[in-house]
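Bear in mind these aren't lab numbers, they're just calculated from the coordinates by the rules spelled out. Source: prediction; values computed, not measured. Cβ placement follows ideal geometry from the backbone for every residue including glycine, while neighbour counts extend to all protein chains displayed.
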Amino acid sequence: MHYFKNNFILNQSNALAWFTIPAFEAGGLVTHGFTTRHGGVSVNNYAALNLGLHVGDKPAAVLENRRRVYGALNIASDWVVTGEQIHGSKVALVTAKSGHNILPGVDALVTNVPGIPLTSYYADCVPLFFFDPENVVVGLAHAGWRGTAQFIGLKTVQTMSRAFGSSPENILVGIGPSIGSCCYVVGEKVSNIFVDKFTYWQELIQPCGGQKWLLNLWETNRRMLVDAGIKAANITVSNLCTACHGDLFFSYRVSGGITGRMASLIMIH
Ligand SMILES: [Zn+2]
């Protein structure tokens, strides 16, 4: 195991490599991870561990890659649930095993049912992980700029509270590898949306010349969640930029759009 200064840990099994959040390991209640591009059978732009179907890769390769990840993380593959991921802010409550399922219009998932793996797919957008060890509730949220500006992280916390009685002060959060403020250049339209929505926008946006700005989605989500009652000490930020680390991650921006997907996964034992 390799400890990064960001406090996510890189785990390896054979060629497969994936990140975990140390705080989430306490009590052995959940299995979780965020994959890298290492350990799969896909080639070219999708090399090697592409987990996204419908991104142009061979389905047989993607299914083999997924099988390897499910095996390494001890994931119950028959019950995997994922959202359609439309860059919205709809949070789905998953209350029963219903087979391998893709939920329409959904970007965040919450469950308290053991044995249901929640998954989401990424290539630069921000993966948010949620775990309430008191009530044993887990969640994932897909937060690109649109989801972030629609407060999807806050809505996920609210869903955990409303449905399962989770107290924000007990919820652990992981903000996973995604495009960092070092690389995430946005135009005036996106910049203005963040100025309008966040009173602390000056901490989120830096001008970088020519009507362009660098946007910090990690800090936006972190601040939003602290404001929602999550303890700052309970938030683990990976500080790993997918655009900077082409050796570890797929990046939509760096690739020009033809690339693979990493996955976030979490399941209550
Ligand atoms: Zn970067």
Open item on the list: Looking only at segment 241-269, how many residues end up being assigned to a loop (DSSP other than H, G, I, E, B) and either in contact with a Gly (Cβ under 8 Å, 6 or more places away or on another chain) or among the hydroxyl-bearing types (S, T, Y) (or both)?
Closed with: 10
TODO: Hey, can you tell me all the residues within segment 136-154 that are polar (S, T, N, Q) and either in contact with an Asp or Glu (Cβ under 8 Å, 6 or more places away or on another chain) or crowded, with 24+ Cβ neighbours inside 10 Å (or both)?
DONE: T148
- [ ] Please name all residue pairs, on different chains or six or more residues apart, with Cβ atoms under 9 Å, provided the first residue is in segment 182-199 and is within 21 Å of G256 (Cα to Cα) and the second residue is hydroxyl-bearing (S, T, Y) and within 16 Å of the ligand (Cβ to nearest atom).
- [x] C183/T242; C183/S251; Y184/S178
Open item on the list: Can you tell me which of (1) of a type outside the set (D, E, K, R); (2) within 16 Å of the ligand (Cβ to nearest atom); (3) more than 17 Å from the chain's Cα centre (by Cα); (4) under 20 Å from T156 (Cβ atoms) is the one L217 doesn't meet?
Closed with: (3)
Open item on the list: Considering only segment 40-60, I want to know if a residue exists there that is within 21 Å of L128 (Cβ to Cβ), without any contact (Cβ under 8 Å) to a residue 24 or more places away in the chain and not hydrophobic (A, V, I, L, M, F, W, C).
Closed with: no
Task: Hits in segment 156-171 (condition: touching a residue at least 60 places away in the same chain (Cβ under 8 Å) and crowded, with 21+ Cβ neighbours inside 10 Å) - done: T156, V157, T159, I171
Task: Residue count, segment 118-133 (criterion: in a loop (DSSP other than H, G, I, E, B) and under 14 Å from the mean Cα position of the chain (by Cα)) - done: 3
Open item on the list: Can you tell me which residue is surrounded by the fewest Cβ atoms within 10 Å (Cβ to Cβ) among those in segment 98-133 that are within 11 Å of E84 (Cα to Cα) and among the small types (G, A, S)?
Closed with: G105
